[in-house]
Amino acid sequence: MDQNRLRAALFVATIALAAAACTGGAGSSPASTAEPSSKPASVVPVIVSSQQVVGPNRFVFSFLDAATNLPAATPDRSASVGFIAPGATQAGPAVPAEFVWAIEGSRGEYVAHTTFPSAGDWKAVFLTEAPGKAQEAIGVGFQVQETGTAIAVGAKAPASRTPTLADVGGDVSKLSTDTKPDPAFYRTSVADAVAAGKPFVLVFATPAFCTSAQCGPTLDRVKTVAADAPANVEFINVEPYQLTYSEGRLQPVLDANGGLQPVAAVNDWGILSEPWIFTVDGQGIVRGSFEGVVGEQELRDAVKAIAAS
């Protein structure tokens, strides 16, 4: 995997997509999709998901304020999205999107679930409405690929040899940049969990070096869910970049150009950004894939599903 793509922040890497946005104006009700208008929009949609592929997708997006370029997604801003297929002229019914804080009180994103039947150049039509404002319909072009780079839901989990406390004499500070790490997240490697037939939650997150700044909040959310999760489910945190313990702390091992370098497990799982969470059942099959942001209830439901496997 190209390490430069991994280094791109979720919220920043997709800004180029937003440049293709059509301006929007008043639209229809969220039950159907309006055509984007030529009136200037107050917000610019940003597609956060790094890839869209043929089949079921967890479509993550957000909004920037058109005037200030600052985050504009808030719990009281409603959002839904419809999709125009290649060669089509109208969007289908809008899909409702759930707001989730990526960084509590600071940055939010929306999650919509949809299925793309074919690859090619698609268009998303975002319907959004802030309190006291007219609804806006804003179009953004994007591509759907035949397959993605990340391990797909339904695929066999790679048996990655990830580091554990046993590798560092029990010193969790040599494995994690989390300021309040849960040692249980570092007691089992992915390879051992797969071999033992244990369901597990794999979290690629680096609180200290996260390019999206969302790793710490996401890891904290996972720890909250883990606290009362079924006892048979393992939780595994992997720092996605090569690190070395020096001067009393973990520091990145940079390449010749001063860039962060992914660890082998990142290449095994094919992720393009961080944080990223996978849920894997007792048969070693990936049952959930959550890029960038995950709601607490969404994660609890995913953990419950693999616990019963």
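Annotations for the structure displayed:
- Label point 7 Å beyond Cα of Arg300 along Cβ direction - residues of region 195-231 with amide nitrogen under 18 Å: 201, 218-231
- Residues Val168 and Asp220, FRET efficiency given R0 of 35 Å [Cβ-Cβ distance, rounded to 0.05]: 0.95
- Proximity of backbone amide H atoms, modeled 1.01 Å from N, is registered between Ala72 and Phe63, Leu64, Asp65 at under 5 Å, excluding neighbours fewer than 5 places apart on the same chain.
- Pairs from Lys174/Lys223; Lys198/Lys304; Lys174/Lys304; Lys180/Lys223 whose Cα-Cα separation, in the structure shown, is over 21 Å: Lys174/Lys304
- Computed over the chain, the P(r) tail beyond 35 angstrom holds 21 percent of alpha carbon pairs.
- Ligands, DNA and RNA left out, the accessible area of the chain computed with a 1.4 Å probe is 53% carbon and sulfur.
- The relative contact order of region 90-234, computed from alpha carbon pairs under 8 Å that lie at least 6 residues apart in sequence, is 16 percent.
- Value of relative contact order over region 163-309, rounded to a whole percent, pairs C-alpha under 8 Å and six or more apart: 28 percent
- Potential lengthening between Gln261 and Val153 on full extension [0.36 nm per residue; Cα-Cα distance subtracted]: 36.3 nm
- Coupling constants for region 71-87 follow from the phi torsions by the Karplus curve (6.51 cos²θ - 1.76 cosθ + 1.60, θ = phi - 60°), and in residue order they are x, 10, 7, 9, x, 8, 9, 6, 7, 8, 8, x, 10, 9, 6, x, x Hz; glycine and proline get x.
- With a Förster radius of 51 Å applied to the beta-carbon distance between Ala66 and Ala307, the computed FRET efficiency rounds to 0.70.
- Gln90-Gln145 pseudo-label distance in nm [points 7 Å out on the Cα-to-Cβ vector]: 3.3 nm
- The residues of the chain have, on average, 43 Å² of accessible surface per residue, using a 1.4 Å probe with all protein chains present.
- Rounded to the nearest 500, the helix-only mean residue ellipticity at 222 nm of the chain stands at -4000 deg cm²/dmol, with each DSSP H run of n ≥ 4 adding -39,500 (n - 2.57).
- Other-chain or far-sequence residues with amide H under 5 Å of Ser78's (modelled H): Glu129
- Highest-fluctuation residue, Glu129, Glu234, Glu247 considered, GNM on the chain with Cα pairs under 10 Å: Glu247
The values are calculated or read from the model by the stated rules, or taken from the named source; none is laboratory data. Note that the structure is a prediction, hence the values are computed from the model and not measured. Note that each Cβ is placed from the backbone with ideal geometry, even for glycine, and that neighbours are counted across all protein chains shown. What goes into the accessible areas is simple: the full protein's heavy atoms, side chains included, and nothing from ligands, DNA or RNA. Shrake-Rupley method; radii C 1.70, N 1.55, O 1.52, S 1.80 Å.
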